[in-house]
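Here the structure comes first, spelled out in structure tokens, and everything after it is commentary.
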Amino acid sequence: MPAETTPMKIQYNTIKAEHPDCLLFYRLGDFYEMFDEDAVVGARELELALTTRDRGKPEDEQTPMCGVPFHSAEQYISRLIAKGYKVAVCEQMEDPKLAKGIVKRGVIRIISPGTVIESSMLSEGESNYLGAVYLNGGRGGCAFADVSTGEVCAASFEKNAVTHLLNELSRFRPREAVLSAAAGKSAEIRDMLDKRLDCRLEEAEGLFDPGQAAERVSAQYAADASALGLDENALPALGALLGYLTEAQRGNMSQLRRPDVFSRGRYMELDASTRRHLELTENLRTGEKKGSLLWVLDKTRTPMGGRTLRSWVERPLLSPLAIRRRLAAVEELYRDNVGRGELMELLRSMGDIQRLTSRAVYGTANGRDMLALGNYLSLLPELLSRAGKYKSAMLTGLARADALEDIALLLRRAICDEPPFSVREGGILRTGYSEEVDRLRDLRQHGADRVAELEARERERTGIKKLRVSYNKVFGYYIDVPNSAGATALPEEYIRKQTLVNAERYFTPELKALEEDITSARDRIEQLEYDYFMDVLRQVAQRVDDIQNTAAAVGELDALCSLAEAAVRNGYVCPQVEVSRRIQITQGRHPVVEQMQPDVLFVPNDTHLNDAQDRVAIVTGPNMAGKSTYMRQTAIIVLMAQMGSFVPAKDAVIGVVDRVFTRIGASDDLAGGQSTFMVEMSEVASILKNATSDSLLILDEIGRGTSTYDGMAIARAVLEYCADPKRLGAKTMFATHYHELSVLEGTLPGVRNYNITAKRQNGKLIFLRKIMPGATDESYGIEVAKLAGVPDAVIRAASGHLRELTEKGAAPAAKEKVRSDQVSLADMGADALAERLRGVDPDSLTPREALELLYELKKLSQ
Ligand code: ADP
Ligand code: MG
């Protein structure tokens, strides 16, 4: 390490020492510079040239350095954040021209994935959460904040905290999280954050200290923890969150709203795999929004609306009253096509009030941001008065939001129509806002006029018509005399400033004096405009609570319109939501499948589940018949109803469920290193542990991942457990290819068989997609194998084997039912055969392999 001598480098080192975990962006004139190790990292990650400040010295004494221009810093910072770094932004805290000695500098913000407010680093319809996770034995709590919108939530869990925390994490998907030491030790929590959510982690036990947490909370909200509803589990989490933000935002946190504190009871908790399987906000295959429920429902017009709707989809409600409140509002908008169209048209012109306001609070907003905010706010009176025409409690409540006319007026008066990007160059304020600025602008204009006069006078005096007075940033004002003018003798006040190839440049004492007047007027204007602009930001910041409340109301209005619009376009009905244990759906449809295949007619199906005769539905049918679709559609319709949405059906009565659990298909969790069967069983275990008699369970082909014997035994035992009111007694839909399970109808109360039919027609298999009472006795496995392209020779062989088995009276097609507690081995053979065939990709088989397969199939069938 070279000895540090310059005062600047000493200052740098002091600041850097306070932020060892950050890359320090050190403001130096028009650049942010990085030094030493930071410079090496920065140059590598941003592909910048690595240079040095002290070129004269021997190489090992040189300080590595690299820099980015301050006006394009945002894009570089966002690249570093995306790569998982934290950036500390260190600014000049005084005007370098006025500074005595070294310019004072300080870190004004620390930017990390969870603390960004720059719109270029955020995606519009999504929240950007910072999380804090607290664990204390079986108890725990969590808190989340989106600093770009001011939203804050906290939750507390008395027991089984890890499970609940995992569910909350998968719902909020924080980009960054602070963990208490115990939370950091939980492999499950770490895995979820690190592997599944790609979240930046920081362990900081110190931040979770309950005493300090209480102090921070009461300083932020001027209310004590219990008044805010924070208990001993939620308080340390929220305290840690505030502590982390205080450090990152340098105490500037007035945009954070009061925390929405929820324990179990307000929102439906959904586990990560149920969310994924039901494709609520992203599709299972690519993780994109397209093909998800949110994609179907999202007709929002504003970023606030987009975020609100997403949060509704992620958090279905539990209280029938709260659900009906939303449904009543959606219904009014549903019925009023004209009014809704006009509302949506107005919303279309509305932008991101929440994030613009947050930038005002931080002081990072520019003139264009405030112009836009003013324009958006000026739409509010009309928007709110339109909302006020409706009768439902929710819409009338939203219409009462503050229309913020004073702020709109302030911004309209203060900001001109075309403010520049920079806030330091003047040109932001509208004429008439400040007398002083106007007067200085006159002076400056007057100066410009005087320059023009001077030019005319000099042309006259020298007789050189091509003489011009010009300006550039480096030389200031000068008199330009082209060589072509052939000037011989110029007045003696002319002092040569610069010689170019085809011109000479001069100045005169008069021009110099004029320039000083103009420059000082400009400097004064720039400073004054900056001060006024900062004052505007402060006035906006003072109303931050009201603005954010109104912005939230706009978001809800937009989300309600969106649900109504989707209902009209897609032909949904208003569900009847009640406190009961029945689910009665007439002609239900899968909202996503029907949209993804517009040219295929979706076949609607009924669902009847209740607490008595129809508790458990066993669904059988050939592969590809539509079993999974049917069961998912039931779950999604229930969730949609509890979100306050209309549903794709002819009629629906939904007794509110406390949770929906799914276990669907072969899990693709190979990355996690667990076998499919292990994943399947741990999901089943978690479902059986956490479900109650008020839950809805969707169990799709349980037991598939193991040998047929084991699989069937497990499937049956799970079914018995679910059906038995003394044990679980939950509404359950159960798809299975173990036809043997159909004997449970009639043996176990509340169990019903259903099947989805297919038929053979001219040797072809036709799927009817219609759910019927009763069990199937044909699996059409071979037809499906044929559909999938298994070579004819193999199909023929398989058919032969199946015939043999059937003749022996062992195949499922045989009318004699297998006794419920016994499974015949031959029966297993047919199943194993179909199973083996299912796994075959005929296109990848060599002729030799195909032959071997045939031998293998033959062996399997014996
Ligand atoms: P299974 O689980 O019985 O193997 P799926 O539920 O996966 O069958 O359905 C297979 C395909 O059939 C789906 O991808 C969908 O395209 C189509 N499908 C399912 N149900 C219907 C329906 N009710 N109407 C129209 N197409 C359907
Ligand atoms: Mg299926």
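The values are calculated or read from the model by the stated rules, or taken from the named source; none is laboratory data. Since the model is a prediction, treat every value here as computed from it, not as a measurement. Backbone-built Cβ (ideal geometry, glycine too); neighbour counts: all protein chains shown.
Each row is one residue, and each column tells you yes or no for (1) modelled with pLDDT under 90; (2) within 16 Å of ligand 1 (Cβ to nearest atom); (3) at positive phi.
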residue	(1), (2), (3)
Leu697	no, no, no
Arg704	yes, yes, no
Gly711	yes, no, no
Val718	no, no, no
Pro725	no, no, no
Phe734	no, yes, no
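Run down Val116, Val107 and say which single residue is crowded, with 19+ Cβ neighbours inside 10 Å and assigned to a loop (DSSP other than H, G, I, E, B).
So the residue among Val116, Val107 that is crowded, with 19+ Cβ neighbours inside 10 Å and assigned to a loop (DSSP other than H, G, I, E, B) is Val116.
Tell me whether the stretch 563-576 contains one or more residues that are of a type in the set (A, V, I, L, M, F, W, C) and surrounded by fewer than 15 Cβ atoms within 10 Å (Cβ to Cβ).
no
Give me the residue from the stretch 453-492 that is farther than 30 Å from Ser520 by Cβ and hydroxyl-bearing (Ser, Thr, Tyr) and, out of that set, modelled with the highest pLDDT.
The selected residue is Ser484.
For (1) in a helix (DSSP H, G or I); (2) surrounded by fewer than 20 Cβ atoms within 10 Å (Cβ to Cβ); (3) in contact with a His (Cβ under 6 Å, 6 or more places away or on another chain), each residue gets a yes or a no:
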site	(1), (2), (3)
Leu165	yes, no, no
Leu193	yes, no, no
Gly206	yes, yes, no
Arg216	yes, no, no
Ala223	no, yes, no
Ala227	no, yes, no
Leu230	no, no, no
Gly243	yes, no, no
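Condition first: at pLDDT 95 or above and touching a Pro at 6+ places or on another chain (Cβ under 6 Å). Can you find one or more residues in the stretch 558-573 that meet it?
Checked the stretch 558-573: at least one residue is at pLDDT 95 or above and touching a Pro at 6+ places or on another chain (Cβ under 6 Å).
Specify which of the listed residues (Ala785, Ala758) is on the phi < 0 side of the Ramachandran plot, crowded, with 20+ Cβ neighbours inside 10 Å and touching a Pro at 6+ places or on another chain (Cβ under 7 Å).
Result: Ala758 is the single residue among Ala785, Ala758 that is on the phi < 0 side of the Ramachandran plot, crowded, with 20+ Cβ neighbours inside 10 Å and touching a Pro at 6+ places or on another chain (Cβ under 7 Å).
Search the stretch 176-191 for residues being touching a Phe, Trp or Tyr at 6+ places or on another chain (Cβ under 7 Å) and not in a helix (DSSP H, G or I), and hand back the single one that is surrounded by the fewest Cβ atoms within 10 Å (Cβ to Cβ).
Ser180
Looking at (1) among the aromatic types (Phe, Trp, Tyr); (2) farther than 18 Å from Glu578 by Cβ; (3) more than 15 Å from ligand 2 (Cβ to nearest atom); (4) at pLDDT 85 or above, which is the only condition Phe677 fails?
Only one criterion in (1) among the aromatic types (Phe, Trp, Tyr); (2) farther than 18 Å from Glu578 by Cβ; (3) more than 15 Å from ligand 2 (Cβ to nearest atom); (4) at pLDDT 85 or above is unmet by Phe677, namely (4).
Please go through (1) within 21 Å of Val423 (Cα to Cα); (2) surrounded by fewer than 17 Cβ atoms within 10 Å (Cβ to Cβ) for Tyr76 and return the number of the only condition it doesn't satisfy.
(2)
Scan the stretch 566-616 for residues that are aliphatic (A, V, I, L, M), touching a residue at least 40 places away in the same chain (Cβ under 8 Å) and within 12 Å of ligand 1 (Cβ to nearest atom) and report the count.
Qualifying residue count, the stretch 566-616: 4.
Identify the residue in the stretch 712-744 that is in contact with an Asp or Glu (Cβ under 9 Å, 6 or more places away or on another chain) and within 16 Å of ligand 2 (Cβ to nearest atom) and, among all such residues, is nearest to Leu318 (Cα to Cα). Spell out how you get there, then give the answer.
The initial filter retains those residues of the stretch 712-744 that are in contact with an Asp or Glu (Cβ under 9 Å, 6 or more places away or on another chain), namely 712, 715-716, 725, 727, 729-731, 733-740, 742, 744.
If we keep only those that are within 16 Å of ligand 2 (Cβ to nearest atom) as well, we get 715, 733-739.
Values: Ala715: 30, Met733: 21, Phe734: 24, Ala735: 27, Thr736: 30, His737: 34, Tyr738: 35, His739: 36 Å.
Among them, the one singled out is Met733.
Do we have Arg368 as closer than 25 Å to Glu425 by Cβ and basic (Lys, Arg) here? First the steps, then the outcome.
On the way: closer than 25 Å to Glu425 by Cβ: yes; basic (Lys, Arg): yes.
Taking the combined requirement at face value, the residue satisfies it.
What are the residues in the stretch 610-633 that are within 30 Å of Lys289 (Cβ to Cβ) and not in a loop (DSSP other than H, G, I, E, B), if any? Step through it out loud before you land on a result.
Our first condition is that a residue be within 30 Å of Lys289 (Cβ to Cβ); within the stretch 610-633, this holds for 619, 623-633.
Scanning the stretch 610-633 gives Val619, Lys627, Ser628, Thr629, Tyr630, Met631, Arg632, Gln633.
Residues of the stretch 739-774 being more than 14 Å from ligand 1 (Cβ to nearest atom), under 15 Å from Ala617 (Cβ atoms) and of a type outside the set (Gly, Ala, Ser), which ones?
Leu741, Leu744, Glu745, Leu748, Pro749, Val751, Arg752, Asn753, Pro773
In the stretch 312-326, is there at least one residue being buried (at least 20 other Cβ atoms within 10 Å of the Cβ) and of a type in the set (Gly, Ala, Ser)?
No, there is no match, as no residue in the stretch 312-326 is buried (at least 20 other Cβ atoms within 10 Å of the Cβ) and of a type in the set (Gly, Ala, Ser).
Can you tell me how many residues in the stretch 505-539 are surrounded by fewer than 16 Cβ atoms within 10 Å (Cβ to Cβ), touching a residue at least 40 places away in the same chain (Cβ under 8 Å), more than 28 Å from Asn252 (Cβ to Cβ) and under 53 Å from the mean Cα position of the chain (by Cα)?
2
So which residues in the stretch 374-429 are farther than 26 Å from Gly341 by Cβ and hydrophobic (A, V, I, L, M, F, W, C), if there are any at all?
Ile407, Leu409, Leu410, Leu411, Ala414, Ile415, Cys416, Phe421, Val423, Ile428, Leu429
Any residue at all in the stretch 15-33 that is touching a strand residue (DSSP E or B) at 6+ places or on another chain (Cβ under 9 Å), at positive phi and crowded, with 16+ Cβ neighbours inside 10 Å?
no
Which one of Ala448, Ala408 is crowded, with 16+ Cβ neighbours inside 10 Å and in a helix (DSSP H, G or I)? If you could, list the steps in order and put the result at the bottom.
Details: Ala448 fails: crowded, with 16+ Cβ neighbours inside 10 Å.
On inspection, the qualifying residue turns out to be Ala408.
Name every residue in the stretch 106-120 that is touching a strand residue (DSSP E or B) at 6+ places or on another chain (Cβ under 6 Å) and aliphatic (A, V, I, L, M), in order of residue number.
Of everything in the stretch 106-120, those that are touching a strand residue (DSSP E or B) at 6+ places or on another chain (Cβ under 6 Å) and aliphatic (A, V, I, L, M) turn out to be Val107, Ile108, Ile110, Ile111.
Filter the stretch 574-595 down to the residues that are among the aliphatic types (A, V, I, L, M) and away from ligand 2 (no atom under 16 Å from the Cβ), then identify the one that is farthest from Glu279 (Cα to Cα).
Val579
Any residue in the stretch 127-146 that is over 24 Å from Thr274 (Cβ atoms) and β-branched (Val, Ile, Thr)?
No, that holds for no residue.
Taking the stretch 42-68 on its own, how many of its residues are assigned to a helix (DSSP H, G or I), over 17 Å from Tyr12 (Cα atoms) and free of Cβ contacts under 8 Å to residues at least 40 places away in the same chain?
4
Identify, from the list Met624, Met631, the residue that is within 16 Å of ligand 1 (Cβ to nearest atom) and at pLDDT 90 or above. Give the steps one after another, and end with the answer.
Numbers: Met624 fails: at pLDDT 90 or above.
Being within 16 Å of ligand 1 (Cβ to nearest atom) and at pLDDT 90 or above holds for just one of Met624, Met631, which is Met631.
Exactly one of (1) free of Cβ contacts under 8 Å to residues at least 40 places away in the same chain; (2) over 31 Å from the mean Cα position of the chain (by Cα) is unmet by Thr396. Its number?
In the conditions (1) free of Cβ contacts under 8 Å to residues at least 40 places away in the same chain; (2) over 31 Å from the mean Cα position of the chain (by Cα), Thr396 misses (2) alone.
Quick check on the stretch 423-438. Is at least one of its residues farther than 18 Å from Ala521 by Cβ, surrounded by fewer than 17 Cβ atoms within 10 Å (Cβ to Cβ) and of a type in the set (Asp, Glu)?
Within the stretch 423-438, none of the residues are farther than 18 Å from Ala521 by Cβ, surrounded by fewer than 17 Cβ atoms within 10 Å (Cβ to Cβ) and of a type in the set (Asp, Glu).
Being within 14 Å of ligand 2 (Cβ to nearest atom), in contact with a Gly (Cβ under 9 Å, 6 or more places away or on another chain) and under 22 Å from Glu282 (Cβ atoms) is the filter here, so list the residues in the stretch 596-629 that pass it.
Result: Ser628, single match.
Would you confirm whether any residue within the stretch 81-101 is more than 18 Å from Arg200 (Cβ to Cβ), assigned to a helix (DSSP H, G or I) and without any contact (Cβ under 8 Å) to a residue 40 or more places away in the chain?
The answer is no; no qualifying residue exists.
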